[in-house]
Structures are given as C-alpha cells and as structure tokens.
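Asker: Dumping the structure here so I can ask a few things about it.
The values are calculated or read from the model by the stated rules, or taken from the named source; none is laboratory data. Because the structure is a prediction, the values reported are computed rather than measured. All Cβ positions, even for glycine, are placed from backbone atoms using ideal geometry, and neighbour counts span all protein chains on display. Accessible surface areas use protein heavy atoms only, side chains included; no ligands, DNA or RNA. Shrake-Rupley method; radii C 1.70, N 1.55, O 1.52, S 1.80 Å.
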Amino acid sequence: MQKQREHWSSRFGFLMAAAGSAIGLGTLWKFPYVTGNNGGGLFVLIYIACTFLVGIPAFIAELILGRHSQRGAVGTFTMTHDGPKGWSIAGWLGVASSFFIMSYYSVIAGWGLSYMFMMLNEFYVGKSPQEISAVFDYLASSGDITIFWHLVFTSMTVAFVYPGIRQGIEYWSRIMTSALLCILLCLFFYATTLDGFSEAIHFLFYPDLARFKPSGALEALGLSLFTLSLGQGIMITYGSYMRRGDDIPKTGLMIGFMDIAVSLIAGMTIFPIIFTFGFKPEEGEGLVFKVLPALFSQLPGSHIVGSTFFMLFVFTAFTSAIALVEVVSANFIDLFGWTRKRAVITVGASSFVFGIPSALSRSKGMFPRWEEIYGLTFFETIDQLVSVWLLPIGVLLIVLYSGWRYNVKVCKEGFTHGSSLAWLWHPWRFFLRYVAPVATLLIFLQRAGLIDIDKLLA
Ligand code: TRP
C-alpha cells in the first residue's frame, strides 16, 4: 500500500531545512580552522569557486533525482528503469555515511551543549586561559559525562524528527535555522567592533600565493562538498518532499549562496576574536572549545556572548543532525514499510550505541589499544572512513549517475519545469557531466593517498 507522501508546507520551510542541513559544524567549526591551516585568502576564493562549479551543480542534481522519484536515497536508484540495479549502492553508501556521521557528530554537539551551560555558569571565573583550555580536556576525557551529553543530543534529535516532515523537521528547522542566522549576525556585528577585524578581513580575503598549495584546492573542494551535505542522498531525500513546479535551480543557487555567506560570516566573526587576542589562526580542532572560551572570558558580558555562541553551535548541529537521522530513517520507511516512529527510534538508538566508542575514545574507556593498533582514535577512524572514502565516492557515483545514466528527458524536465533559470540547463549539464566527476575523482585519489597533487603539479 502506497501512502501519500508528506510534502513541505512552504518554500520557506524547505529552504530553512535544506540550509539548516548544509549549515552545520562543518561551516562553523571546520571552515575556520581549515581556512586557517591553508593560509586564508586564495583558499577562500577557491572554496567559493568550487561551490559554484561543482557543489551547486551536484546539489541541483540530487534535488532533481529526489523530486522525480519521490523516494529516499536508495529507492531513487532502484526505481529508475534505465540503469542497472547496481546503482542503489550509491544510496546505501549515503545511508552508511549519514549513520556514521551522526554517531560522532552528536559527540561533538554534546560537548557544545555542555559548553552552553558551562558558559552560563561562568565556569571560567578565576581561571587562567591555560586552565580554561584544560577544562575541555577534562570534559573530553570524562567518558561518562561525554556519553551523557551524547545521549541528550541524540534523544533531542530523535524527538525533532519523530513528528514527521511538517510538524517535525520543517517546524524545528524554521525556528532553529532562523534563530541561528540571527545569532550569527548579532555576533558578527559585535566582531566588527573588535580591533582585530581588519586583520581578519585581510587574512580571509587577501590571496597570498606563497602560502598556497594545489592540495589546498582539493581540500577546498572537499570542504565545499561536505558543507553542502552532498553525496549522501540528503538532498535526494529532501527533494522527494518537494512539489512539482518548485524551482529547483533557483533553490540550489539560493542555498549555495547562503552556505557560502554563512561560512564567510562565521569566519569574519571568529577570526577577529582570535586576532584581537593575539592567537594564531592555526589552532586546529580545539579552536572552538579551547581558544574561544578563553577569549570570551576576557570580554565584557562574557557569559552572554559565550553562551549565545554555543547556542548557535548547538542549533547548527541540530538542524544537520535532523537531516542525518531523516535520510537513514526515510529508507527504512520506504523500503521496509516501517512506521516513522519505529524507523526514527531505531536509527537514533543505534547511532547512540554506535557512537559510544567515539564518545569514549579520549578516555580510552573502550578499545583502549585502538589508537596503538590503528594509529588513529576510534573517533578519528570513523571520521576518516567517512570523509576519505565514503563521501567522495558517494558524490562521484551520484554525479556520474545523474550526468550519464539518468534519463535526459526526465532530468531536463526536472531542471527546467517551472524554473526561471531554465537557460542554465546546458552549462549546468556540462559541469555535472565533466567538471564534477573529474574534480571529485581527484579529491578521492588525493585523500586515499593514491596521488600527490603537489608533486604532480610541481
Ligand atoms: N553540511 C554539514 C556541515 O556543514 C555536515 C554534513 C555533511 C551533513 N553531510 C551531512 C549534515 C549530511 C547533515 C547531513 O556541518
């Protein structure tokens, strides 16, 4: 029995949900430190170019696939009549990577929840910057506390997804994505008043050729695909709740613009704080949890600024986690006829359990020898598995499928129907068929260590 598929109630709701999935910890947490490590400037310009030339075309392709099939990631590939069945592997890969990402995303997000409360309690009072940074190590190495927050975050996500598209995902995304955009703008205006603002702008936008390597360009591309949530069938799933007649190219461009704008604004908010207090931009993953709290503690009204920042952090994580849980659940609902309740709870519970070793990876509470054996902590192993192997392969398969195997008529109809940007059809198809596959193949080869582009181009 085919049930009526639920659709977004409004374009705004869909935009907030899709933008909410794209704007996440990658935008707020990864973008600043990866940009820092790559010397800013040229890296940022290439990141923007990659988003337009590869990211947005792939994003549009996913929406077209999903809206046409009206199925989740796996069902989309199995229902189309013109390709061999094997393509559904692309859908399953997406399900696997979403599940893996969710398992550790909620550990990081859980730390964010903890910091939101810690900031309100002014945990930093009377501590030196070093002592404040050290608190993060205590937190991360306290397995039980980390698991506690991981559980809180996962359960809240399940509660948001559980009521369905309109009353769950769309409702919460509208609130949280709009709130996070407002909070970000407020913090940004605050950052413009700091002394380090002009230095930050210079760092972010001045192309310093000396600090740039070709591998940085691939890194920019990888970041762009990650922050747009591509290659996992997220946009296939969200596209499947779209109605015929919605303008897909325009939606793709709008979300792409928003994602870039948010990354840049996040950069222009975080770097001025760092430069004002004389820190280095290359602080790495600890930037958000170690450096920022130490800096906030020196500002007037620090507990307000600090807890607002972490609230922003948690909101971006929620709107992404909602998407992660939804893609996995949607497949169980479509393929096995599960009820939404059963699917969402099963996915949440399994990702909580699977995330436990990640939550315990700093305290070595589980698999104590993992790092000695595999060279990375459990947490890092899962992250690598996803970002080195699963995501690039996922993007590659999806762009190859939609560019080369997918019925051209159906594709064209999806692109042009009801669209004011129908004239972009030929350029779009060119990027989808040629530029995107070559570019993603390069990232994959580089990340897997099969080529070294810096040597090749030297
Ligand atoms: N785009 C998200 C971010 O910037 C990360 C992400 C990657 C994601 N793939 C996803 C989020 C799938 C939701 C769904 O943090």
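Asker: With θ taken as phi - 60° and the coefficients 6.51, -1.76 and 1.60, list the Karplus ³J(HN,Hα) couplings across the range 256-273 in order, rounded to whole Hz; mark glycine and proline as x.
Answerer: x, 4, 4, 5, 5, 4, 5, 4, 5, 5, 4, x, 6, 8, 7, 4, x, 5
Asker: With +1 on each Lys and Arg Cβ and -1 on each Asp and Glu Cβ, how big is the dipole of the chain about its Cα centre, in debye rounded to the nearest 20? Please list the in-between numbers first.
Answerer: Details: 30 positive and 27 negative charges, 317 e Å.
For this selection, approximately 1520 debye.
Asker: Please report, as a whole percent, how much of the solvent-accessible surface of the chain comes from carbon and sulfur atoms (probe radius 1.4 Å). Working shown, then result.
Answerer: On the way: 11730 of 17940 Å².
Using a 1.4 Å probe with all protein chains present, the chain comes out at 65 percent carbon and sulfur.
Asker: OK, next. Using a simple spin-label model with points 7 Å from Cα along the Cα→Cβ vector, what separation in nm is obtained for residue 404 and residue 261?
Answerer: 3.7
Asker: Separate question: Where the only charges are on Cβ atoms (+1 Lys, Arg; -1 Asp, Glu), what is the dipole of the range 116-238 about its Cα centre, to the nearest 20 debye? Mind showing how you got there, number by number?
Answerer: On the way: 5 positive and 9 negative charges, 84 e Å.
Using only the charged Cβ atoms, the result is roughly 400 debye.
Asker: Would you rank 363, 263 by solvent-accessible area, highest first, keeping every protein chain in place and using a 1.4 Å probe?
Answerer: On the way: 363 40, 263 0 Å².
These residues rank, largest area first, as 363, 263.
Asker: Sticking with this structure for a sec: Leaving ligands, DNA and RNA out of it, rank 213, 30, 412 by accessible area with a 1.4 Å probe, largest first.
Answerer: The most accessible residue leads, giving 213, 412, 30.
Asker: Tell me, what is the FRET efficiency for residue 210 and residue 128 to the nearest 0.05, using R0 = 45 angstrom and their Cβ-Cβ distance as r? Present the calculation step by step, with values, prior to reporting the outcome.
Answerer: On the way: r = 35 Å, r/R0 = 0.79.
Between residue 210 and residue 128 the formula returns 0.80.
Asker: If you rank 242, 254 by how much accessible surface each has, with a 1.4 Å probe, what is the order from largest down? Walk me through the numbers on the way to the answer.
Answerer: Numbers: 242 5, 254 65 Å².
So, going from the largest accessible area down, we get 254, 242.
Asker: Right, here's the next one. Evaluate the charge dipole of the range 254-362 about its Cα centre and quote only its size in Debye, nearest 20, assuming +1 on the Cβ of each Lys and Arg and -1 on the Cβ of each Asp and Glu.
Answerer: Values: 6 positive and 6 negative charges, 67 e Å.
Using Cβ point charges on Lys, Arg, Asp and Glu, the range 254-362 gives about 320 debye.
Asker: Let me ask something else. With angles folded into 0 to 90 degrees, how steeply does helix 11-22 sit against the dominant principal axis of the chain? Use alpha carbons for both and round to 10.
Answerer: 60
Asker: Any chance you could give the angle, 0 to 90 degrees and rounded to 10, that helix 436-447 forms with the longest Cα principal axis of the chain?
Answerer: On a 0 to 90 degree scale, this one is about 40.
Asker: Taking +1 at the Cβ of each Lys and Arg and -1 at the Cβ of each Asp and Glu, which of 432, 102, 117 sits farthest along the dipole of the chain towards its positive end, judged by Cα position relative to the Cα centre?
Answerer: So the residue we want is 432.
Asker: So if I take the centroid of the Cα atoms in the range 79-140 and the same for the range 1-73, what is the distance between those two points in Å?
Answerer: 18
Asker: Kindly report, to the nearest 10 Å², the accessible surface of residue 352 as traced by a 1.4 Å probe over protein heavy atoms only.
Answerer: Probe radius 1.4 Å; accessible area of residue 352 about 40 Å².
Asker: In addition: Of 450, 242, 232, whose Cα points farthest to the positive end of the dipole of the chain (charges on the beta-carbon: +1 Lys, Arg; -1 Asp, Glu; origin at the Cα centre)?
Answerer: 242
Asker: In whole Å, what is the distance between the alpha-carbon centres of the range 387-458 and the range 144-182?
Answerer: That distance is 31 Å.
Asker: Turning to a different aspect of this structure: Tell me the angle of helix 56-69 to the major Cα principal axis of the chain, expressed in degrees between 0 and 90 and rounded to the nearest ten.
Answerer: Tilt of helix 56-69: around 50 degrees.
Asker: Taking only the alpha-carbon atoms of the chain, what semi-axes of the equivalent ellipsoid follow from 5 times the gyration tensor eigenvalues under a square root, in whole Å, largest first? Walk me through the numbers on the way to the answer.
Answerer: Working: eigenvalues 229, 131, 95 Å².
For the chain, the ellipsoid semi-axes come out as 34, 26, 22 Å.
Asker: Compare the Cα positions of 158, 187, 206 along the charge dipole of the range 67-213 (+1 at Cβ of Lys, Arg; -1 at Cβ of Asp, Glu; about the Cα centre) and return the one farthest towards the positive end.
Answerer: Farthest towards the positive pole: 158.
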